[in-house]
Amino acid sequence: MIREFTFTDVLYLIAAMRWTLALTAIAFLGGGIVGLTVALLRVSTFAPLRWLGALYVHAVQGTPLLAWLFVFFFGLSIVGIEVSPWIAAAAAYSIYAGAFLGEIWRGCLQAIPRTQWEAGASLGLGFAAQLRYIIVPQATRLAIPPTVGFLVQLIKNTSLAAVIGFIELTREGQLTTATTFRPFSVYITVAVLYFLLCFPLTQWSRRLERSLHVAR
Amino acid sequence: MTYSFQFRDVFAAWEFLLDGLILTLELSVVTMLSGLVIGLAGSAAKVYGPGWLKAIVAVYVEAIRNTPLIVQLFLIFFGLPSAGIKFNAETAAYIALSINLGAYSIEILRAGLQAIPRSQIEAGQSLGLSGLQIFRYVIIFPALRLIYPALASQFVLLMLATSVVSQISAQDLFHTASIIQSRTFRDFEVYIVVAGAYLLLALIFRLMFAGLYQLIFSRARR
Amino acid sequence: MSLVELRDVVKRYGQNTVLNGVSLSVEKGEIIAIIGRSGSGKSTMLRCINGLEPIQGGTVAFDGTIVNDRATDLRKLRQHVGIVFQSFNLFPHLSVEKNITLAPKVVKGVPQAEARRLAESVLQKVGLAEKIDAYPDQLSGGQQQRVAIARSLAMQPQLMLFDEITSALDPELVGEVLKVLEEMARDGMTMMLVTHEIGFARRVADRVVFMHEGRIWEHGAAAETLGKPRTPELETFLNAVLH
């Protein structure tokens, strides 16, 4: 049955944003854990660990996120795990976000001069203590702006979860289009809603970046 | 856990894969070129243009960079026809991807242009060069060199992102996966193979960009 | 037994040999000034002593422990060997107090209150007691370097290494740092310092080591070595430094 595209539909779209945000949060959490591991691997003093980290990053950054979504959606079912779009999406996004966050954070860790590590080592601090007390606190400051920037990428990319039937903003838009046959109005609304989520974060990230440069 | 992988059926459909691969390559290369053109023009407008032009470019860049590519694609392919503008899937793909990459390129190139010290421009001016000449001979080369790595990795990301056009049934590499899947019912294998193909493409593009850098910039001094 | 014992130390970076068979013993309480042109290997030698640079040949021993032995716990060793760098290398995100107390607290488990008192006492020694709550970027170069010295002293090392610690300072700030070194010398600290301050070396050091092309080219009592160079290389070097 064809209906009009009404304000109620807009409210439904707005309501669907909570799943976009929920997926973003899960992806950020999962990706954060993976990313921290990757970043630490890549600054490790043991070369094979560094290679492992690099291999992971290259593999993930060399394949489309869409492929990861499908591999998990279809792949987990054949190893006998009942996959809901939630699980497939959570897994795929953690892997994806882990690679990008890992690279961002590695860059921040490596931006701290080697002499800071040396100064720590010379005082008798071990690798873990150097990281914890000297490197990470300084790198965190550098990491915040690009991490917020990546959050914008993540929000936008959760739209791809629509293709495995995960109902979030974009999928809700598709469903609304199917019943109202008003694709232009629907997708413009969807785009505006994404913009309202992302633009403030983009601006915030820029402001953080600027204040970092001023502070230096 | 008794699943046995069977890649034979998937590889038997290599002709589909090849066709898809070719469209993905075409989409990527054409979009990279158009994205570069948009990026050059847009960044120049944003840095050196009059206020109103800067504003227009800024709106374009922010609108694109803060919304998902797939929504932009849907808007162009599904949405515009209701306003009387119709494209086939491939054309819509080219348009959406170019508009998308253009916005990112503008941001990257803008950073490059702004990193060129004012003194360079002043030196050009004092030699009597025109604005356009300064842009062409003094600014653009070092600026491009500066942002080349960022631009190259954005291009590789774009190549991967072209997979999204499968969702409007453009017959790209990713779309062939769903065709093969429906014929062989080898869901998992298909996507593994396709993911591998993208990985290979990404590697080839990275190597190509590295080679191109050598070709363009290696003889030039800093 | 000497406190520091270098024997035939060889250090290479790829094809480039930086130390080419360096042997040197340092006794407890001695003050050794190491001079030479940049690239002569003097900083590298210093950094080999606390294991910051792995070596390719020979042995480095500190207080009987072989530094370049893989089984040696460098962390333990470094608690007894302080080093101060040309570029200060204070931790910019930590206050002066935290810079000083980090290692005592984390490495030695000194409780906070005691660590604070320790910080106060080492800061007293370098004349910066009032800067205990300041941050590094609020201090002048000379003050930062004195904090760096205090930070090392807080670990109560048996040996202090100084790697061109006045080279990055404005000329008018050099004096305050050298004064601190002189006081430490009076307190009997064993010190090895790479320096360009020839006058200071002559006044304070027991022995002078002149390094050239990765070797110890000439070495002996400070006044004698600096006053009557035996090799043309040292003579040229001294002429260049003293104008």
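Quick notes
- Region B:136-197 and region A:71-125 have Cα centres lying 22 Å from one another.
- Within the straight-line cut-off of under 20 Å between alpha carbons, the lysines reachable from residue C:108 are C:76, C:98, sequence neighbours fewer than 8 places apart in one chain being disregarded.
- Counting only residues at least eight positions apart within a chain, or on another chain, the lysines with an alpha carbon under 19 Å from that of residue B:46 are B:54.
- Footprinting exposure proxy for C:78, B:183, C:207 (fewest neighbouring C-beta atoms within 10 Å first): B:183, C:207, C:78
- Here the spin labels are modelled as points 7 Å beyond Cα on the Cα-Cβ line, and at residue B:217 and residue A:167 they lie 4.9 nm apart.
- Sum of side-chain charges, residue C:72 neighbourhood, beta-carbon under 15 Å (Lys, Arg +1; Asp, Glu -1): -1
- If you take all other residues with their beta carbon under 13 Å from the beta carbon of residue A:9, and give Lys and Arg +1 and Asp and Glu -1, the sum is 0.
- Within the shell of other residues whose beta carbon sits under 12 angstrom from the beta carbon of residue B:97, the net charge comes to -3, with Lys and Arg scored +1 and Asp and Glu -1.
- Projected label distance in nm at residue B:145 and residue C:108, using a 7 Å step from Cα toward the beta-carbon: 5.2
- Gyration tensor analysis over the Cα atoms of region C:90-156 returns equivalent ellipsoid semi-axes of 18, 12, 10 Å (largest first, whole Å).
- Note on residue C:228: lysines with a C-alpha under 28 Å away, same-chain residues under 8 apart excluded, are C:28, C:42, C:179.
- GNM flexibility winner over chain C from C:89, C:68, C:99 (Cα, springs under 10 Å): C:89
- Working note: 222 nm ellipticity from helices only, DSSP H runs with n ≥ 4, each -39,500 (n - 2.57), summed and divided by the residues of the protein assembly as shown, gives -20500 deg cm²/dmol to the nearest 500.
- In this calculation the C-beta distance from residue B:37 to residue C:133 is compared with R0 = 60 Å, giving a FRET efficiency of 0.60.
- Peptide B:59-68, shielding by other chains (average Cβ, 10 Å cutoff): 6
- Mean separation of Cα contacts under 8 Å (6+ apart) over length of chain B, as relative contact order %: 31
- Paramagnetic reach from residue C:156 (point 7 Å along Cα→Cβ, amide N under 15 Å) across region C:56-91: C:79-82
- The distance from the alpha carbon centre of region A:21-61 to that of region C:106-171 is 37 Å, rounded to a whole number.
- If you plug the beta carbon distance of residue C:63 and residue C:196 into 1/(1 + (r/R0)^6) with R0 = 25 Å, you get a FRET efficiency near 0.30.
- Contact order normalised by residue count of chain C, Cα under 8 Å, 6+ apart, percent: 26
- Pairwise centroid distance, computed over Cα atoms, of region A:141-216 with region C:3-60, Å: 57
- Length-normalised contact order for region A:53-94 - Cα pairs under 8 Å, 6+ apart - percent: 40
- For region B:71-222: rounded, prolate or oblate by the Cα gyration tensor [a/c cutoff 1.5]: oblate
- Rounded to whole numbers, the Karplus 3J(HN,Hα) couplings from phi for region A:86-100 are 4, 5, 4, 5, 4, 5, 4, 6, 5, 5, 5, 5, x, 5, 6 Hz, using 6.51 cos²θ - 1.76 cosθ + 1.60 with θ = phi - 60°, and x at Gly and Pro.
- Amide H contacts of residue C:217: C:210, C:211, C:212, each under 5 Å away and 5 or more positions distant or on a separate chain (H built 1.01 Å from N in the peptide plane; Pro and chain starts excluded).
- Longest site-free stretch - chain A; sites: GluC sites (Glu not before Pro), DSSP loop, at most 12 other Cβ within 10 Å: A:83-216
- 10 Å Cβ neighbours from other chains, averaged over peptide B:71-78: 6
- Amide hydrogen neighbours beyond the local backbone of residue C:18, cut-off 5 Å, H modeled: C:11, C:12, C:13
- Computed from the Cβ-Cβ distance with R0 of 22 Å, the FRET efficiency linking residue A:21 to residue A:188 stands at 0.60.
- Spin-label model, residue A:210 to residue A:46: label points 7 Å out along the Cα-to-beta-carbon direction sit 4.5 nm apart.
- For B:119, A:94, order by how many other beta-carbon atoms lie within 10 Å, fewest first: B:119, A:94
- Proxy reagent accessibility, fewest Cβ within 10 Å first, across A:33, B:38: A:33, B:38
- Across peptide C:87-94, the mean count of Cβ atoms from other chains lying within 10 Å of each residue's own Cβ comes to 6.
Read-outs: derived from the displayed coordinates by stated rules, not from any lab. As the structure is a computational prediction, the values presented were derived from the model and not from experiment. Note: ideal-geometry Cβ built from the backbone for every residue, glycine included; neighbour counts use all protein chains shown.
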